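The values are calculated or read from the model by the stated rules, or taken from the named source; none is laboratory data. From a predicted model like this one, the values you see are computed outputs, not experimental measurements. Cβ atoms come from the backbone with ideal geometry, glycine included; neighbour counts cover every protein chain shown. Remember, those area values only see protein heavy atoms, side chains included, never the ligands or the DNA or RNA. Shrake-Rupley method; radii C 1.70, N 1.55, O 1.52, S 1.80 Å.
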Amino acid sequence: MGQASVVAIDGPAGSGKSTLGRALAARLGYLYFDTGVLYRAVTWLALQTGVDPADEGAVVALVERARPDVSRATRKDGRLYTVTIDGRDVTWDIRELAVDASVSVVSAHARLRQALLGVQRAIAARGRVVLVGRDIGTVVAPEADVKIYLDASPAVRAERRYRELLARGVITSLAEVQAEMRRRDEIDSGRAAAPLAPAPDAIVISSDCLSVDQEVKAVAELVTNRPGRDC
Ligand code: DC
């Protein structure tokens, strides 16, 4: 039995993908890569430069000029990595509510997804990596050794997201977070380009009744005990 080297974790917002991905990567000594930051950085730049998030041509023109980049953390302020675009450190800016509100529209553009595919695949090709997103198991790394689709009920997901925002000092209400999440779900799952869906060979896990430790343990076992990998 051998160890898997690319782990794909997909699922909707608030399902706990990032928490699982981070903890799993730390446990395995793998790189953790949250692909959502690429779409968030482009969205931030569009908003900043007055580009309409719905204008595919204009959004694609933005990334042709300024690719988002993810590197090791450059500051000790609680970040796990540093995200830059067009020379600006946007690690925290990309978590703002304005970005949340437009990122699904931006990430539905097929040509943008194509433009961001190379960087994601290059990271997957290095191996020993946990990739987290919406289309990792279906499009970015269909050959991933282990594919997880992490889900949770809408109520649990909204509550988690609400607490996360409160902890960061963002003023909002649970009802607002629920409505925003429903809207994002509809766009992410209904878009033509790489919609959010479990890969046929993904293992679907519901995080509602599992602790992070239980999830990490279960997935780590899948990663380290993949029968038949060495044949
Ligand atoms: O995981 P997140 O909330 O940071 O993702 C932000 C948005 O980016 C989400 O609404 C869908 C999009 N996304 C995507 O389309 N494909 C990915 N691989 C990752 C994120």
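Below is a table of values for the structure above.
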{"quantity": "Modelled label reach - Ala218, point 7 Å along Cα→Cβ, segment 112-144 residues with backbone N closer than 19 Å", "calculated": "131-133, 137"}
{"quantity": "Tensor-based shape of segment 84-159 (alpha-carbon gyration tensor, a/c under 1.5 rounded, otherwise prolate or oblate)", "calculated": "oblate"}
{"quantity": "Extension gain, Val204 back to Ala98 (0.36 nm per residue minus Cα-Cα distance, nm)", "calculated": "35.1 nm"}
{"quantity": "Mean shadow area of the chain over all directions, Cα convex hull, nm²", "calculated": "12.3"}
{"quantity": "At 1.567 mPa s and 4 °C, Stokes D of segment 103-231 from Kirkwood alpha-carbon radius, µm² per second", "calculated": "78"}
{"quantity": "Segment 129-202, dipole about Cα centre (Lys/Arg Cβ +1, Asp/Glu Cβ -1), debye to the nearest 20", "calculated": "320"}
{"quantity": "Rounded Å value of the spacing that divides the Cα centres of segment 118-197 and segment 27-93", "calculated": "16"}
{"quantity": "Mean separation of Cα contacts under 8 Å (6+ apart) over length of the chain, as relative contact order %", "calculated": "36"}
{"quantity": "Positive minus negative residues near Thr82 (Lys, Arg vs Asp, Glu; Cβ under 15 Å)", "calculated": "+2"}
{"quantity": "Share of carbon and sulfur in the accessible heavy-atom surface of segment 5-64 [1.4 Å probe, %]", "calculated": "48"}
{"quantity": "Whole-Hz ³J(HN,Hα) from phi, Karplus 6.51 cos²θ - 1.76 cosθ + 1.60, for segment 103-118, glycine and proline x", "calculated": "5, 5, 5, 5, 6, 7, 6, 4, 6, 5, 4, 4, 5, 9, 6, x"}
{"quantity": "Cα lying deepest toward the dipole's positive end in segment 48-173, options Ala110, Ala66, Gln120, charges on Cβ", "calculated": "Gln120"}
{"quantity": "Segment 40-186, accessible area per residue, ligands and nucleic acids excluded (1.4 Å, Å²)", "calculated": "49"}
{"quantity": "Estimated dipole of the chain in Debye, rounded to 20 [Cβ of Lys and Arg +1, of Asp and Glu -1, Cα centre]", "calculated": "600"}
{"quantity": "Of Ala199, Ser18, Thr224, farthest towards positive along the dipole that unit charges on Lys, Arg, Asp, Glu beta carbons give the chain", "calculated": "Thr224"}
{"quantity": "With every protein chain in place, segment 142-231: carbon and sulfur % of accessible area (1.4 Å)", "calculated": "56"}
{"quantity": "Total charge dipole magnitude, segment 33-143, about the Cα centre, Cβ charges on Lys, Arg, Asp, Glu only, Debye to nearest 20", "calculated": "520"}
{"quantity": "Placed amide H near Arg226: partners under 5 Å, 5+ positions off or other chain", "calculated": "Gly2, Ala4"}
{"quantity": "3J(HN,Hα) from dihedral phi, segment 77-87, Karplus parametrisation 6.51/-1.76/1.60, rounded to Hz, x for glycine, proline", "calculated": "10, x, 6, 9, 7, 10, 10, 10, 8, 6, x"}
{"quantity": "In order through segment 150-159: 3J(HN,Hα) via Karplus (6.51 cos²θ - 1.76 cosθ + 1.60), integer Hz, x for Gly, Pro", "calculated": "9, 10, 6, 5, x, 5, 5, 4, 5, 4"}
